[in-house]
1. Treating the beta-carbon of each Lys and Arg as +1 and of each Asp and Glu as -1, no other charges, what is the dipole magnitude of the stretch 164-246 about its Cα centre, to the nearest 20 debye?
2. Roughly how many debye, to the nearest 20, is the charge dipole of the chain about its Cα centre, given +1 on each Lys and Arg Cβ, -1 on each Asp and Glu Cβ, and no other charges?
3. Calculate the FRET efficiency for R121 and E74 from the Cβ-Cβ distance with a Förster distance of 25 Å, rounded to the nearest 0.05.
4. Please give the contour-minus-distance gain from R138 to K212: 0.36 nm per residue of separation, less the Cα-Cα distance, rounded to one decimal in nm.
5. How long is the gain from N40 to L184 if the chain were fully straight, where each residue apart is worth 0.36 nm and the alpha carbon distance is subtracted?
6. I want to check the label-to-label distance for L55 and R2. Put each point 7 Å from Cα in the C-beta direction and report it in nm to one decimal.
7. So what's the back-of-envelope 222 nm ellipticity for the chain, counting only DSSP H runs of four-plus at -39500 (n - 2.57) apiece and dividing by all residues, rounded to 500?
8. If you take the charge dipole of the chain about its Cα centre, with +1 on Lys and Arg Cβ and -1 on Asp and Glu Cβ, which of L48, I190, A154 is farthest toward its positive end?
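Coordinate-derived values only; no laboratory data. It should be emphasised that the depicted structure is a prediction, and the values quoted were computed from it without experimental measurement. Virtual Cβ from ideal backbone geometry, glycine too; neighbours counted across all protein chains shown.
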Amino acid sequence: MRTALDVNGLSYRYSDGTAALDDLHFQVQESECVGLIGPNGAGKSTLLLHLNGVLPETLARTATLSVFGEPLVEANLRSIRRQVGLLFQDPDDQLFCPTVYEDVAFGPKQLGLDPAEIVPRVLAEVGLVGFESRSPSRMSHGEKRRACLAGVLACDPAILVLDEPSSDLDPRGRRELIALLRRLPITKIIASHDLELVVELCSRVLVLDRGKIVADGPTTEILNDEPLMLAHGLERPHILRHSHPH
């Protein structure tokens with residue numbers, strides 16, 4: 001199996017000098033689904049923004065990160081952004097066109113692909129058939145999130161990076177999202193406070209606290225480790241309290 005993502009010594013400081021990420025080392029294999037958990041301010045969103053070069057500081061130094069063996073440097077940025085699809089925490093940061101169709105078609109157009117072929121397929125995949133001419137501003141939070149996901153999937157990424165994908169979703173929207181993510185065969189990295197979702201989707205989890213990886217291993221094993229969870233501002237999820245670790 002190929003290594004999808006190789007992070008080797010990644011560090012990052014905010015402009016005020018605070019360390020946001022401190023010498024991170026980890027790999028994610030192709031088709032793996034990895035959860036990224038930790039308290040607020042642990043550096044989860046900052047890490048995700050590095051994975052496709054949104055934070056330009058990553059590009060200034062020697063590559064500490066590679067995607068399918070391709071180092072994340074300026075020259076490879078276009079190709080890496082094509083492979084790593086990023087779903088932001090707030091859908092309003094990602095939707096900017098007057099209609100859902102135009103939004104989802106935007107990425108494929110940039111890549112020289114035919115939107116007429118791609119958009120109907122991804123809208124069907126995320127359950128938004130019939131929303132083509134809808135204005136994103138008139139949609140529920142869950143619908144907006146699915147429209148964002150459709151826009152990311154339309155570019156056919158090899159790795160899907162999601163920041164708090166279930167926040168602000170009602171129970172049905174959350175269930176639909178979990179079912180949708182489970183169907184996608186691609187590599188996924190999911191940062192979430194929703195530990196039940198992490199248990200349902202991710203076979204492995206990284207615990208990040210104060211910019212450092214403090215644990216990395218099988219999801220049920222780590223999330224069942226109550227002392228570890230409490231030490232890093234987390235709680236063992238209910239879903240595991242009622243079942244034995246498998």
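1. Values: 11 positive and 13 negative charges, 55 e Å.
Dipole magnitude for the stretch 164-246 comes out near 260 debye.
2. Working: 25 positive and 34 negative charges, 64 e Å.
Magnitude of the dipole: close to 300 debye.
3. Working: r = 33 Å, r/R0 = 1.30.
Plugging the Cβ-Cβ distance into 1/(1 + (r/R0)^6) gives 0.15.
4. Details: separation 74, 0.36 × 74 = 26.64 nm, distance 4.00 nm.
Between R138 and K212, full extension yields an extra 22.6 nm.
5. Numbers: separation 144, 0.36 × 144 = 51.84 nm, distance 2.78 nm.
Gain on extension, N40 to L184, equals 49.1 nm.
6. 2.6
7. It lands at -9500 deg cm²/dmol.
8. Checking the options against the dipole of the chain, the answer is A154.
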